[in-house]
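The values are calculated or read from the model by the stated rules, or taken from the named source; none is laboratory data. Only a predicted model underlies this, so the values are computations on that prediction, with no experimental measurement involved. Methodologically, a virtual Cβ is constructed for each residue, glycine included, from the backbone with ideal geometry; neighbour enumeration extends over all protein chains shown. Keep in mind that these areas ignore ligands, DNA and RNA; they rest on the heavy atoms of the full protein, side chains included. Shrake-Rupley method; radii C 1.70, N 1.55, O 1.52, S 1.80 Å.
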Amino acid sequence: MLGIAAFFTFTNSPTGTFTPTIVGSGTAGVGRYSTQTGRFTLIGNRVFFDINLTWSAHTGVGPFMGLAGLPVKANVSALYPALNFVYASLAIGAGKELGGTVIPNDTTITLYSMDQAGGGVSQLAFDSAATIYISGNYEI
């Protein structure tokens, strides 16, 4: 019988790194990154990932911003997965929280500003300098 540690060891699961970038919805632009890290593990038909970005002097043009460069395209018919966020110096608006989703049939994440009281959801306005940490998973 396998021990619990052996059961949860995925020695055949591909892992790797990728280079995520912040992009503007009007013009993608280029940022100066002091931290630009992406790591992933593929288990079955799911990609598990972690992203760590700190950027400044970004030349992207909004009005909205997103994240590009996920390692594998999401499934065309996949549900929009929940993601986890930690951020600093990112303008999301008073009384708002940060949200986002991986876009089906793409390698991008759309970022949202969401009303904590259950009100409206809108795409996040472009921010030329901030820090963001994202973890999540999606179906391929």
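I want the local charge near Phe40. Using Cβ-Cβ distances under 12 Å, sum +1 for each Lys or Arg and -1 for each Asp or Glu among the other residues.
+1
For the stretch 31-140, what is Rg from Cα atoms divided by 2.2 N^0.38 Å, rounded to two decimals?
Computed over Cα atoms of the stretch 31-140, the ratio equals 1.06.
The chain: longest stretch without exposed chymotrypsin sites (Phe, Trp or Tyr not before Pro) (DSSP loop, at most 13 other Cβ within 10 Å), sites themselves excluded?
In short, 11-140.
Within 12 Å, Cβ to Cβ, of Val72, how many net charges do the neighbouring residues add up to if Lys/Arg are +1 and Asp/Glu are -1?
It works out to a net charge of 0.
Of the accessible area of the stretch 39-86, with the probe set at 1.4 angstrom, what percent is carbon plus sulfur?
61
For the stretch 103-121 and the stretch 24-94, what is the separation of their Cα centres, given in Å?
Between the Cα centre of the stretch 103-121 and that of the stretch 24-94, the gap is 12 Å.
In deg cm²/dmol, rounded to 500, what helix-only [θ] at 222 nm does the chain give when every DSSP H run of at least 4 residues adds -39500 (n - 2.57) and the total is split over its residues?
My calculation for the chain gives -500 deg cm²/dmol from helical runs alone.
Which semi-axis lengths, in whole Å and largest first, follow from the square roots of five times the eigenvalues of the Cα gyration tensor of the stretch 11-56?
They are 26, 12, 6 Å, listed largest first.
Quick one: which residues, 5+ away or cross-chain, put their amide H under 5 Å from the amide H of His58? H built at 1.01 Å from N.
Arg32
For the chain, with only Lys/Arg (+1) and Asp/Glu (-1) charged at the beta-carbon, what is the dipole magnitude about the Cα centre, in debye rounded to 20?
About 220 debye.
Note down the nm distance, to one decimal, between modelled labels 7 Å out along Cα→Cβ at Ser77 and at Thr41.
Using points 7 Å along Cα→Cβ, the separation is 2.9 nm.
In Å², and per residue, what accessible area does the chain have when probed at 1.4 Å with the other protein chains present?
54
Determine the sum of side-chain charges near Glu139: Lys and Arg each +1, Asp and Glu each -1, restricted to other residues whose C-beta is under 14 angstrom from that of Glu139.
Around Glu139, the surrounding residues sum to +1.
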